[in-house]
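**Student:** Structure in structure tokens, see below.
The values are calculated or read from the model by the stated rules, or taken from the named source; none is laboratory data. Being a predicted model, the structure only gives us computed values, none of them experimental. Cβ: placed from backbone, ideal geometry, glycine included. Neighbour counts: every protein chain shown.
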Amino acid sequence: MRLIYISVLMLLPLAASSQEEAFYIEFKDESIVEAFTKIEYTYDVLFSYNDYDIRKKRISLERQKRTLTEVLEASELQTKLSYKIVDNRYIVVNQLPEDDIDVNKLEKVIIRSYLTKGIQKINDGSYKLSPPKLGVLPGLTEPDVLESIQLLPGVLSPNEAASGFFVRGGASDQNRLIWDGINIYHKGHLFGMISSLNPNVTSEIKFINKGTHSRYGERLSSVIDISSNSNISQSVRAQLGFNGINGDALIEVPIVKDKLNIQGSFRRSYVDVLETFTFNNLADKVFESTKIKNYENAKNEFSFVDYNLKLNFKPNKNNSLYASMISIDNQLDYILNDAENNQRFNDKLVTSNMGYGLGWKVKWNNKITQNTTAFFSNYKLNYNFITKEGDRQVSDFEKRNTIFDSGISSEVVIDRSKASQVTFGYQYVLKDVAYAFLNTTNLSFVLDTEDNTIQTHSVYGQYDYKNPKLFNLFFGLRSTYFNELDAVRLEPRIVVYKSLIKNLKFQTTAEIKNQIISEIDETILSDLSLENRLWRLADGNAFPIINSQQVSAGFIYSKKGFSIDIDTYHKKLKNITALSLGFLNPENSSFNIGQQKIVGLDAFVKKQFNGFNSWLSYSFNKSESRFENLNNSKDFTSKSNVTHSISTALSYELGGLQFALGWKWQTGKPYTVAKESSDGLEFNDGINTGELPIYHRLDFSSTYDFKMSKRNKLRGKIGLSIRNIYNRMNLISREYRGNNSLDDPIELIEKFSIGITPNLMFRLYW
């Protein structure tokens, strides 16, 4: 199917069009951004503009044949915008006179509308996502921050979770998540099924999976840098929305015109009041193979809430400041009464992440800009399993995980010329991470506990050279000193984009990165079997600093709505630590040091034709691990390995109506084969020697935007999504656990995918 699809796309007409040729084109009260997209596809041009300057502009144009010049002239009359054509391809909107136009900075976008509107690939290899501009995506009624990223090549969530995804074969804890400069550790509501970040308050997402800018450290696989809206609103703006799981509200209020505003958002689940079909399907998957059951004598109270507050202040054109706060909270309270034995069992789980961020950006002159930020993040996980006999508490098992993460940074950017830019920066970060397993039965005793602190000092520099006629070069060097470990690590990064022929570019990257905080997979000592992954810090001994080396190379072709993006990569990770409880070796409960080698290929094809947008992506990944004292010290397939994956979609937009149909297919995850014996399950064939069945599903989404009233600004939006239309029960996990005691027999645990799950959405905009 993949070969047929690619062949069809390749045979579609790709003849170049002249800007002075006349084409049929029309706009029906569309935003100027939507109009720009149509113009780019029709006349093979690229626009450069400031989002703030065009945010309220709309245009209508009757259908008839027009040249590019005629379209721009008509747009100029309606929008009061000026247009300048530079180098016969770039159109500058609201720019300075031509002498001040920096042509080299115009080609910062390599592929526009990468999957759909609102997703772009930038010339440094990163992706830019703008949730307010996103078109419809298969399976989503609203642009979930993390699930949107999973549609990109090389990003995969084998467990169908929004937060637990792999990037190019790396584990989920190797992805750094940043909100307004704040490190976020709790990424998902409903135990990872829903992103914990409200997409309606998100302005821009930068996703980096290779050639990372030197300002970013701490993680090996990817960076997800999210910014909320920083524009000073001119009037009150509000939103109110509901779907099958939660409701949310957003408001922006100007305080001082053009200088100061405040914005806030609130989102909460309502399933503790009303359980919907959507929630029940997600809950069935989440609580599968756990002790949470719908017994008649059981009570299950679950809820989640998140909110954001942000103050934006621009005292003058050269200074801008912000203060941001984010709060994420999940709570589970499960009570089971055993009246026959006069016993009561209570599972209580609270997971939260509170963060604060401050930022100041100052433009000292036309060439020098400084950006200074500070943040504090507090992550908590508290689990209690309480047993009572009558009114007397007989035991309390506790599992805790806390992170106190704070830091300050300052960065100076110098525009040396129209083609080159230099960046220098310093960062200080303090991390305090603790976890504990406690059991109280008359006396309190500790099963396991640890509390570590690491201070890091980082200095970095970056040189950017951008010349579309020659090449784009991004070279950075980062040096970090880990105080408590008395260790220094150097991290060079390089990105090169070179035009070979018109519309064809060669891309290559190389980088070294290090990571001191990671998750351990704690499975045996948990009764609940949820949130088993706990954060801990490197200690230089049992947990060394993890190191990653990655290189990539490929090609990009893009022309008039047709794009091909092919990238190969090789990664080598050293000092990976495994906690081998139950899954790897039931008789070995020690930590093991190892390494991981990953090779892969990501391919992406997109074509727009007759109002339809179609794309197909394919990823190949081969990941092998080797750990001391595991599997006889021989290589075995990594737990994160998914060899082949295919994703394809077709979308269409007509006025305010959008729909998308998408299909996912991938090979199964590896698992360790166990055999029955007289003593129970035995693991004699090695680690991850089996492979789960093939996974596939079909998703659908549709949204409709409409005006509520012609007299005011009130607008509405409704949406329907259906995940897994043909209701395939995919086996997504086969693991083993020991039921709360090392002495208990090993138990096989199988988990399946979500069945057919519809979701409805309704939203109001003011």
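**Student:** Considering only residues that are small (Gly, Ala, Ser) and surrounded by 18 or more Cβ atoms within 10 Å (Cβ to Cβ), look in the range 595-624 and name the one that is farthest from Ile119 (Cα to Cα).
**Tutor:** Filtering the range 595-624 for residues that are small (Gly, Ala, Ser) and surrounded by 18 or more Cβ atoms within 10 Å (Cβ to Cβ), the one farthest from Ile119 (Cα to Cα) comes out as Ser623.
**Student:** Hey, another quick one. Identify the residue in the range 472-490 that is under 30 Å from Tyr557 (Cα atoms) and not hydrophobic (A, V, I, L, M, F, W, C) and, among all such residues, is surrounded by the fewest Cβ atoms within 10 Å (Cβ to Cβ). Outline the logic, then answer.
**Tutor:** Step one: of the range 472-490, the residues under 30 Å from Tyr557 (Cα atoms) are 472-477.
Next, only the ones that are not hydrophobic (A, V, I, L, M, F, W, C) stay: 472, 476.
Values: Asn472: 24, Gly476: 22.
For the range 472-490, the residue satisfying everything is Gly476.
**Student:** Out of all the residues in the range 687-706, which are assigned to a loop (DSSP other than H, G, I, E, B) and either aliphatic (A, V, I, L, M) or in contact with a strand residue (DSSP E or B) (Cβ under 6 Å, 6 or more places away or on another chain) (or both)?
**Tutor:** Scanning the range 687-706 gives Ile687, Asn688, Leu692, Pro693, Ile694.
**Student:** Out of the residues in the range 248-284 that are surrounded by fewer than 19 Cβ atoms within 10 Å (Cβ to Cβ) and charged (D, E, K, R), which is farthest from Ser324 (Cα to Cα)?
**Tutor:** Asp284
**Student:** Of these, Asp565, Asp539, which one is surrounded by fewer than 18 Cβ atoms within 10 Å (Cβ to Cβ), of a type in the set (Asp, Glu) and out of contact with any Cys (no Cβ under 7 Å at 6 or more places or on another chain)?
**Tutor:** Asp539
**Student:** Same structure again: Please determine, by comparing only the residues of the range 639-666 that are under 22 Å from the mean Cα position of the chain (by Cα) and part of a loop (DSSP other than H, G, I, E, B), which one is farthest from Leu134 (Cα to Cα).
**Tutor:** My answer is Lys639.
**Student:** So, one more: Mind telling me which of the residues Gly211, Gly188, Gly170 ends up being at positive phi and touching a Ser or Thr at 6+ places or on another chain (Cβ under 6 Å)?
**Tutor:** Only one candidate qualifies: Gly211.
**Student:** Looking at the range 95-134, what strands (runs of 3 or more DSSP E) fall wholly within it and have at least 2 residues that are modelled with pLDDT of 80 or more and among the hydrophobic types (A, V, I, L, M, F, W, C)?
**Tutor:** 109-111, 119-122
**Student:** Oh, and also: In the range 36-60, how many are crowded, with 19+ Cβ neighbours inside 10 Å and more than 20 Å from Val109 (Cβ to Cβ)?
**Tutor:** Looking only at that region, the number is 1.
**Student:** Here's a follow-up. Evaluate the range 663-675: report whether one residue or more is closer than 28 Å to Gly169 by Cβ, without any contact (Cβ under 8 Å) to a residue 24 or more places away in the chain and in contact with a strand residue (DSSP E or B) (Cβ under 8 Å, 6 or more places away or on another chain).
**Tutor:** Taking every residue of the range 663-675 in turn, at least one turns out to be closer than 28 Å to Gly169 by Cβ, without any contact (Cβ under 8 Å) to a residue 24 or more places away in the chain and in contact with a strand residue (DSSP E or B) (Cβ under 8 Å, 6 or more places away or on another chain).
**Student:** Answer yes or no as to whether Lys606 is in the same structural domain as Ser552 (by TED's automatic domain parsing), within 23 Å of Leu140 (Cβ to Cβ), among the basic types (Lys, Arg) and out of contact with any His (no Cβ under 7 Å at 6 or more places or on another chain).
**Tutor:** The answer is yes for Lys606.
Matching residues to (1) assigned to a loop (DSSP other than H, G, I, E, B); (2) within 17 Å of Gly192 (Cα to Cα):
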residue: Val271; (1), (2): yes, yes
residue: Phe302; (1), (2): no, yes
residue: Lys310; (1), (2): no, no
residue: Ile328; (1), (2): no, yes
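**Student:** Look through Gln455, Gln462 and report the one residue that is out of contact with any helix residue (DSSP H, G or I) (no Cβ under 9 Å at 6 or more places or on another chain), in contact (Cβ under 8 Å) with a residue 24 or more places away in the chain and within 30 Å of Gly554 (Cα to Cα).
**Tutor:** That would be Gln462, the only listed residue that is out of contact with any helix residue (DSSP H, G or I) (no Cβ under 9 Å at 6 or more places or on another chain), in contact (Cβ under 8 Å) with a residue 24 or more places away in the chain and within 30 Å of Gly554 (Cα to Cα).
Rundown of residues vs (1) aliphatic (A, V, I, L, M); (2) closer than 24 Å to Asn297 by Cα; (3) free of Cβ contacts under 8 Å to residues at least 12 places away in the same chain; (4) out of contact with any Lys or Arg (no Cβ under 9 Å at 6 or more places or on another chain), yes/no style:
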position: Leu336; (1), (2), (3), (4): yes, yes, no, no
position: Glu340; (1), (2), (3), (4): no, yes, yes, yes
position: Arg344; (1), (2), (3), (4): no, yes, no, no
position: Asp347; (1), (2), (3), (4): no, yes, no, no
position: Val350; (1), (2), (3), (4): yes, yes, no, no
position: Tyr356; (1), (2), (3), (4): no, no, no, yes
position: Lys361; (1), (2), (3), (4): no, no, no, yes
position: Thr369; (1), (2), (3), (4): no, no, no, no
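**Student:** Would you check which residues across the range 135-168 are of a type in the set (Val, Ile, Thr) and part of a strand (DSSP E or B) and list them?
**Tutor:** Val155, Val167
**Student:** Pick out the one residue from Phe304, Phe313 that is farther than 30 Å from Gly390 by Cβ, crowded, with 17+ Cβ neighbours inside 10 Å and at pLDDT 95 or above.
**Tutor:** Phe313
**Student:** Are any residues in the range 360-414 touching a Leu at 6+ places or on another chain (Cβ under 9 Å), surrounded by fewer than 18 Cβ atoms within 10 Å (Cβ to Cβ), of a type in the set (Phe, Trp, Tyr) and farther than 28 Å from Asp333 by Cβ, and if so, which ones?
**Tutor:** Trp360
**Student:** If you don't mind, there's one more thing I want to ask. Checking the conditions here, which among Ser499, Ser526 is in contact with a Pro (Cβ under 7 Å, 6 or more places away or on another chain) and either closer than 30 Å to Gly461 by Cβ or modelled with pLDDT under 85 (or both)?
**Tutor:** Residue meeting the stated conditions: Ser499.
**Student:** While we're on this one: Under the condition of being β-branched (Val, Ile, Thr) and assigned to a strand (DSSP E or B), which residue from the range 226-262 is nearest to Asn175 (Cα to Cα)?
**Tutor:** In this case the residue turns out to be Ile226.
**Student:** Please find, within the range 154-172, the residue that is surrounded by the fewest Cβ atoms within 10 Å (Cβ to Cβ) out of those that are touching a Pro at 6+ places or on another chain (Cβ under 9 Å) and of a type in the set (A, V, I, L, M, F, W, C).
**Tutor:** The qualifying residue surrounded by the fewest Cβ atoms within 10 Å (Cβ to Cβ) is Phe165.
**Student:** Separate question: Anything in the range 392-419 that is free of Cβ contacts under 8 Å to residues at least 24 places away in the same chain and not charged (D, E, K, R)? List them, or say none.
**Tutor:** Within the range 392-419, Gln393, Ser417 meet the criteria.
**Student:** Which numbered condition in (1) closer than 26 Å to His186 by Cβ; (2) surrounded by fewer than 19 Cβ atoms within 10 Å (Cβ to Cβ) is the only one that Gly241 fails?
**Tutor:** (2)
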